[in-house]
Amino acid sequence: MTRYERWIVWSSALATGITGVGFFWTKYLVEAPEPWAVVNHPLEPWLLKLHIVAAPVFVFAVGMIATRHILVHIRSRVRQGRRSGLALVGLLLPMAGTGYLIQVVSLEAWIVPLAVVHIVTGAVFLLAIGAHWLGIASADVPGME
C-alpha cells in the first residue's frame with residue numbers, strides 16, 4: 001500500500017470506530033435527563049452524523065486497497081495478518097450493508113435486527129482491525145512475532 005492508502009484506511013477506520021462507539025455509548029448507555037427527551041446526550045446526533053460521514057470514506061478506502069492489497073494477499077497466502085485480514089473482509093459486507101440499510105428501512109421490526117447485526121459486526125470488526133494492526137506492527141518490531 002502507498003503511504004496515502006495506508007493513511008486513509010487507518011484514519012477513516014479510526015474515525016468510523018470512534019464515532020460508532022461514541023454513538024453507541026450516547027444512544028444505549030447514557031440515561032436521558034428527562035423521560036420525554038428525544039436524545040440521551042447532546043453529542044448523540046453529532047456522533048451519528050459524523051459516523052454517517054466517516055463510514056463511506058472508510059468503505060471507499062477499503063475499495064482503494066482491494067485489488068493491490070487485499071486480493072494480492074489472499075491469493076499469495078501471506079501469513080502475516082491473514083486471520084485478522086480474512087475476518088475483516090468477512091465482516092465488512094454485513095457491517096457496511098446493515099449500516100446503509102438502517103438509514104433507509106422504516107419498519108421498526110427490521111431496524112432493530114439490523115441495528116443488532118450492525119453493532120455486533122462493528123464491535124467484532126474493531127477487535128479484528130486492532131488485531132490486524134498489532135500483527136502488522138509486530139512484524140516491524142524485532143522480537144515481536
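The values are calculated or read from the model by the stated rules, or taken from the named source; none is laboratory data. Since we're looking at a predicted model, the values are computed, not measured. Cβ atoms come from the backbone with ideal geometry, glycine included; neighbour counts cover every protein chain shown. Ligands, DNA and RNA are stripped out before the accessible areas are found, and what is left, the full protein with its side chains, is counted by its heavy atoms. Shrake-Rupley method; radii C 1.70, N 1.55, O 1.52, S 1.80 Å.
Kindly report the accessible area of the chain per residue (heavy atoms of protein chains, probe 1.4 Å, no ligands, DNA or RNA), in Å². It would help to have the intermediate numbers written out before the result.
Working: 9970 Å² over 145 residues.
With the other protein chains kept in place, the chain gives 69 Å² per residue.
Counting only protein heavy atoms and a 1.4 Å probe, tell me what percentage of the chain's accessible area is made up of carbon and sulfur.
Numbers: 7140 of 9970 Å².
Roughly 72 percent of what the probe reaches on the chain is carbon or sulfur.
Accessible area of residue 26, 1.4 Å probe, to the nearest 10 Å²?
0 Å²
May I ask you to rank 27, 49 by accessible area, largest first, using a 1.4 Å probe over the protein chains only? Intermediate results must be reported in sequence, preceding the final value.
Numbers: 27 85, 49 125 Å².
From most accessible down to least: 49, 27.
Which whole-number percent of Cα pairs in the chain have a distance greater than 26 Å? Let's see the in-between values first.
Values: 3246 of 10440 pairs.
That fraction is 31 percent.
So which trypsin sites (Lys or Arg not before Pro) in segment 70-133 end up in coil per DSSP with only 16 or fewer other C-beta atoms within 10 Å? Provide the component values of the computation, followed by the final result.
Numbers: sites: 75, 77, 79, 82, 83; in loops: 77, 79.
Passing both the DSSP loop test and the Cβ count: 77, 79.
At 1.4 Å probe size, put 108, 31, 5 in order of accessible surface, largest to smallest. Don't skip to the end; give the middle numbers.
Working: 108 125, 31 160, 5 20 Å².
In descending accessible area the options line up as 31, 108, 5.
Of 36, 10, 46, 133, which has the most accessible area with a 1.4 Å probe, and how do the rest follow in descending order? Show your work: numbers first, answer last.
Numbers: 36 225, 10 65, 46 165, 133 130 Å².
Solvent-accessible surface, decreasing: 36, 46, 133, 10.
Return the calculated 222 nm mean residue ellipticity for the chain, to the nearest 500 deg cm²/dmol, obtained by summing -39500 (n - 2.57) across DSSP H runs with n ≥ 4 and dividing by the residue count. Can you show the working numbers first?
Values: 5 runs with 106 residues, N = 145.
Helix-only estimate at 222 nm: -25500 deg cm²/dmol.
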